[in-house]
Amino acid sequence: MRNLQIYRYVDTISRTGSIRKAADRLNITSSALNRRILSLEEELGFQIFERIGNGVRLNTAGELVVVMFRKQLAEAERLKSQLADLSGIRRGHVSIVCNQALLTYFLPNQIHKYQSEFPNVTFDIRVKDGEQAMDSLRDYSADLALVFEFSSMKTADLQSICTVRQPIQAIMAPDHPLSTRESLQLIDCQDYPLALPGNPQSLRDILELTANKTSAPLTPMLTSDDFTFLRNYVGLGEAISFELPIGLPSDNSNFDLINIPLELSGDLSGLLHLAQLKDRTLPVAAARFADQLSQTFFSKFDTN
């Protein structure tokens, strides 16, 4: 596996955008790391990094190189996972990109459950949604993606492992004037201050499209990419925010806000996809975790 070292060097530099930061992560001196990259570029006959200010970034040749390197690293990880299985030592690494809604309750619980059985498996979780998440599957920087969309996946090179419906919920304080309603339309909520997730977010896209159909554009009083911040804000007054069921605690006794389903047209019903790169054989650890997620989805949510 020593031959994969230069692949890790290039991958880490591309992620950090800095040879110095990458060297710190890789436990190597920055001068030694720079020499390895210069040697690689000489061997390839192409520069793969552009030097910009205090950092570096991949150029066009580098983008091609890093995809191949990440693919080789992923295959090596799969092999190590299979060998560990043979020896009875369940090791591995799972890399996931996901919508922020999954960070608060769902993924921590799922990872804890998985690591209770396989304590030597490590995880890397990064927040990405939509096309950014899909690109992470394509360049092998992620094994799995959990993305929220308002349509079925139509990308030929990606595969949806499992899809569940996620009807958007309006979130508000317990004493809000609308808190006793069984369901709401977006137009009802627009009479109150709105605290919305920022763009780009598929949840925000659905809200914008719904508002456009009623000719009543969204005018948020506050926007933020942090769902915890949005919850804390709406709990203080009459503001309303919106979330997915998977972003809420399964035990509402631990949730001090009210969530009410939002009525949306059928073509804007939210779908959460568990996806991977098509025809890629996942490492054992990632494949097992995908199976666990699928089973949880089937037991808790309306599958598509």
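A compact table of results
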read-out	value
Test: residue in the stretch 223-233 that is at pLDDT below 90, within 26 Å of P108 (Cβ to Cβ) and buried (at least 20 other Cβ atoms within 10 Å of the Cβ)	yes
Flag if R36 is in contact (Cβ under 8 Å) with a residue 12 or more places away in the chain, closer than 18 Å to S95 by Cβ and not hydrophobic (A, V, I, L, M, F, W, C)	no
Residue list for the stretch 257-282, filter: within 17 Å of the chain's Cα centre (by Cα) and modelled with pLDDT of 85 or more	L271, L272, H273, L274, A275, Q276, L277
When residues of the stretch 105-121 are limited to those that are crowded, with 17+ Cβ neighbours inside 10 Å and hydroxyl-bearing (S, T, Y), the one nearest to the chain's Cα centre (by Cα)	Y105
Filter pass, F106 being of a type outside the set (D, E) and farther than 17 Å from L277 by Cα	yes
Qualifying residue in the stretch 171-190 (condition: at pLDDT below 90, within 19 Å of L271 (Cα to Cα) and either outside the structural domain of R280 (by TED's automatic domain parsing) or not in a helix (DSSP H, G or I) (or both))	no
Pairs with Cβ under 7 Å, 6+ apart, first in the stretch 117-128 and assigned to a loop (DSSP other than H, G, I, E, B), second among the charged types (D, E, K, R)	F118/R90
Residues being in a helix (DSSP H, G or I), among the polar types (S, T, N, Q) and within 27 Å of D124 (Cβ to Cβ) - total across the stretch 34-60	2
Test: residue in the stretch 21-33 that is outside any loop (DSSP other than H, G, I, E, B), more than 27 Å from the chain's Cα centre (by Cα), crowded, with 17+ Cβ neighbours inside 10 Å and at negative phi	yes
Some residue of the stretch 220-231 being touching a Phe, Trp or Tyr at 6+ places or on another chain (Cβ under 9 Å) and among the acidic types (D, E)	no
Enumeration of residues in the stretch 171-218 that are over 26 Å from L146 (Cα atoms), buried (at least 16 other Cβ atoms within 10 Å of the Cβ) and of a type in the set (K, R)	none
In the stretch 283-292, the residues that are crowded, with 22+ Cβ neighbours inside 10 Å and within 19 Å of the chain's Cα centre (by Cα)	P283, A285, A286, F289
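The values are calculated or read from the model by the stated rules, or taken from the named source; none is laboratory data. These numbers come from a predicted model, not from an experiment. Virtual Cβ from ideal backbone geometry, glycine too; neighbours counted across all protein chains shown.
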